[in-house]
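Read-outs: derived from the displayed coordinates by stated rules, not from any lab. All figures in this text were calculated on a predicted structure; none of them were measured in a lab. Cβ sites come from the backbone with ideal geometry, for glycine too, and all protein chains shown count toward neighbours.
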Amino acid sequence: MSGESEKSLKELCVQHGTDKAWHRYPEIYDEIFRTRRLSVKKVLEIGVLGGASMRMWRDYFINAIIYGIDSNAECLNQSSDRIVCFQAQQAERAQLQAFINQCGTGFDIVVDDGSHFYVDQQVSFGFLFPHLVSKGWYVIEDIYTSWWADHLKSPHMPTWDWLQVWFKKGLLPQGAMMADEVSYVQQHLDRVMLYGNTLSTIAAMTKQ
């Protein structure tokens, strides 16, 4: 590797101005993905905003196409070399299916940095997890938002508590997932890991 591809993820994070640096997520991601920088082909990030983190991923995974989903149509302006943006609500399965129809399946990594509402997180996970490659990673950022008062309006279990069931029983409860999604996840989920601290927490799940 040379040039941009020699930079650490933290350096690229600072260069492109993404707030992931504040959470210290780049150090975590470097630990997880450093050995896969050349082999990753497809990355999906939920939550585009100004496109900074998508440009960070593009320069980190130099052989990958970076896909982005956002509810705001302005995200389409961020499409560029090896970056493809698609407008969709992350909790609307029909819109996620439209994305898959257009962009295909077989993602190496999915990163949910979207609404941070736990229902949205669980819907997206249930729908998109089957579209990971074997040994792929599904990451949900900012799990601490499960405790925000204005997020506690759903009858479903907050994502933090939802994950704790896995650690205690080795399975994920249905939450906001569909029954067929739960069945698929139970058969193909390999590991669930938590990184960071109470203010900056990443849940990382791998597929068998």
Reachable aspartates and glutamates, given that their alpha-carbon falls under 20 Å from the alpha-carbon of LYS41 and they are not under 8 places away in the same chain: GLU4, GLU6, ASP30, GLU31, ASP59, ASP81, ASP108, ASP112, ASP113
DSSP-loop chymotrypsin sites (Phe, Trp or Tyr not before Pro) across region 59-165, with at most 14 other Cβ within 10 angstrom: TRP148
Average silhouette area of the chain, convex hull of alpha-carbon atoms, in square nanometres: 10.9
Dipole moment magnitude, nearest 20 debye, the chain about Cα centre, only Lys, Arg, Asp, Glu C-beta charged: 560
For ILE83, residues with placed amide H under 5 Å, excluding near neighbours: ILE66
Ranked SER39, SER146, criterion: other C-beta atoms within 10 Å, fewest first: SER39, SER146
Which listed pairs, of LYS20/LYS42; LYS10/LYS169; LYS135/LYS169, have C-alpha distances above 32 Å, in listed order: LYS10/LYS169
